[in-house]
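Asker: What follows is a single structure, and I will ask about it in a moment.
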Amino acid sequence: MDNTKRRLLSEKVAKGFMHLSGITVTASLFFIVGTILYKGLPYLSWEMVSQLPKGGFYIGKEGGILNAILGSLYLAGVATALSAIIGIPISLYLNVYLGAKSKVTQLSKLLFDVLYGVPSIVYGAVGFGIMVYLGIRASLLGGIITVTLLTIPIVVRTVDELIKTIPEDLKNVTLSLGTTRWELAKVMLRSIRTGLLTAILLAFGRAIGDVAGVLLTTGFSDNLPKYIDEPAATLPLAIFFQLSSPIPEVQGRAYASALVLTIIILIIVVCTHILQSKQKNRR
């Protein structure tokens, strides 16, 4: 009887902690989003998202953040495309050609797990070192190099998890028909094509929200970059610089910029959930 009471008490305590954790996380989310809406919504306007910064923008005068919005989309879009082009073949090679039980595969996955958790400022330092070696100044190209390095582990590990969901019978039947490894890889890609879009969207979301990596490599500009070797503004850096201003109106614009970035991330999250639902339905 005593043991039963102890187990019931332990279960109640554990359940209470789980409820408390859930409430804390949910409350924190609503607090953050609520703060951004409360402080940023009054300053958000069509002019702000459709115009470039004008003279005196950072002391409260006219202009907008179009340069930061497009700069973020350029940077995240190209970096995500490159990370997909590099990361998907790596994951296929490890799983199709080497095999999941290979020591090289297991070591590679461990290294990618480590890279997945490395802070973005470290990637910024590495990217900056590459830029110095190649003679590249702070520019959109430097940011793309850094963010590509940042997102490759995300793509590799996400695709690896997707490949694990493919039934072994499908692989065995495909190979039994006399197909090559490359043909098996194409069959596997067709099986996880919806999940691949999810992996790409996850990488894009990480890329567009990064600030530490691009702080050292992308630079900042009030203009749209015409060439890839020119500095480019991004939304995270625009938020950082505006929030550093002592002028209340500029700080409000920082929260409006954060609101724009939050909306973009929200769209990505919704698209990711839709694609994940389609993937589950196909199983």
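Asker: Quick one: is residue 37 in the same structural domain as residue 236 (by the TED database) and closer than 30 Å to residue 250 by Cα?
Answerer: no
Asker: Next up: From the residues in the stretch 227-246 that are of a type outside the set (Asp, Glu) and open to solvent by 50 Å² or more (accessible area, probe 1.4 Å), which one is nearest to the chain's Cα centre (by Cα)?
Answerer: Here the answer is 240.
Asker: Quick check on my filter: what residues within the stretch 178-209 are open to solvent by less than 60 Å² (accessible area, probe 1.4 Å), in a helix (DSSP H, G or I) and under 19 Å from residue 97 (Cα atoms)?
Answerer: Residues satisfying the conditions are 184, 185, 187, 188, 189, 191.
Asker: Report yes if some residue within the stretch 53-69 is open to solvent by 50 Å² or more (accessible area, probe 1.4 Å), touching a residue at least 60 places away in the same chain (Cβ under 8 Å) and within 23 Å of the chain's Cα centre (by Cα); otherwise report no.
Answerer: Checked the stretch 53-69: no residue is open to solvent by 50 Å² or more (accessible area, probe 1.4 Å), touching a residue at least 60 places away in the same chain (Cβ under 8 Å) and within 23 Å of the chain's Cα centre (by Cα).
Asker: Tell me which residues, restricted to the stretch 100-125, are outside any helix (DSSP H, G or I) and more than 24 Å from the chain's Cα centre (by Cα).
Answerer: 100, 101, 102
Asker: Next question, about the same structure. Of all residues in the stretch 259-282 being modelled with pLDDT under 75 and touching a Ser or Thr at 6+ places or on another chain (Cβ under 9 Å), which is most open to solvent (accessible area, probe 1.4 Å)?
Answerer: It comes out as 282.
Asker: Count, please, the residues in the stretch 90-109 that happen to be open to solvent by 70 Å² or more (accessible area, probe 1.4 Å) and closer than 23 Å to residue 175 by Cα.
Answerer: Number satisfying all stated conditions: 6.
Asker: Yes or no: residue 112 over 12 Å from residue 163 (Cβ atoms), aromatic (Phe, Trp, Tyr) and open to solvent by less than 70 Å² (accessible area, probe 1.4 Å)?
Answerer: yes
Asker: Could you list all residues from the stretch 165-177 that are surrounded by 13 or more Cβ atoms within 10 Å (Cβ to Cβ) and in a loop (DSSP other than H, G, I, E, B)?
Answerer: Hit for the stretch 165-177 is 166, nothing else.
Asker: Something else about it: When you scan the stretch 38-50, how many residues do you find that are open to solvent by 80 Å² or more (accessible area, probe 1.4 Å) and either more than 15 Å from residue 67 (Cα to Cα) or touching a strand residue (DSSP E or B) at 6+ places or on another chain (Cβ under 7 Å) (or both)?
Answerer: Matching residues across the stretch 38-50 total 5.
Asker: For the stretch 45-82, enumerate the residues that are over 30 Å from residue 142 (Cβ atoms) and hydrophobic (A, V, I, L, M, F, W, C).
Answerer: Within the stretch 45-82, 46 is the sole residue that qualifies.
Asker: Can I ask one more? Any residue in the stretch 216-236 that is under 21 Å from residue 54 (Cα atoms), outside the structural domain of residue 37 (by the TED database) and not in a loop (DSSP other than H, G, I, E, B)?
Answerer: Among the residues of the stretch 216-236, at least one is under 21 Å from residue 54 (Cα atoms), outside the structural domain of residue 37 (by the TED database) and not in a loop (DSSP other than H, G, I, E, B), which makes the answer yes.
Asker: Something else: Please pick out the residue among 86, 69, 90, 23 that is of a type in the set (A, V, I, L, M, F, W, C) and not assigned by the TED database to the domain that holds residue 184.
Answerer: Criteria check complete, one pass: 23.
Asker: Right, another one. Quick one: count up the residues across the stretch 59-107 that are more than 30 Å from residue 186 (Cα to Cα) and of a type in the set (Val, Ile, Thr).
Answerer: Residues that pass the stated criteria total 3.
Asker: Return the residues of the stretch 183-225 that are touching a Gly at 6+ places or on another chain (Cβ under 8 Å), farther than 18 Å from residue 82 by Cβ and of a type in the set (A, V, I, L, M); say none if nothing qualifies.
Answerer: Answer for the stretch 183-225, where residues must be touching a Gly at 6+ places or on another chain (Cβ under 8 Å), farther than 18 Å from residue 82 by Cβ and of a type in the set (A, V, I, L, M): 212, 215, 216, 224.
The values are calculated or read from the model by the stated rules, or taken from the named source; none is laboratory data. Values in this document were obtained by computation on a predicted structure and should not be read as measured data. Note that each Cβ is placed from the backbone with ideal geometry, even for glycine, and that neighbours are counted across all protein chains shown. Note: areas computed on protein heavy atoms with side chains; ligands, DNA, RNA excluded. Shrake-Rupley method; radii C 1.70, N 1.55, O 1.52, S 1.80 Å.
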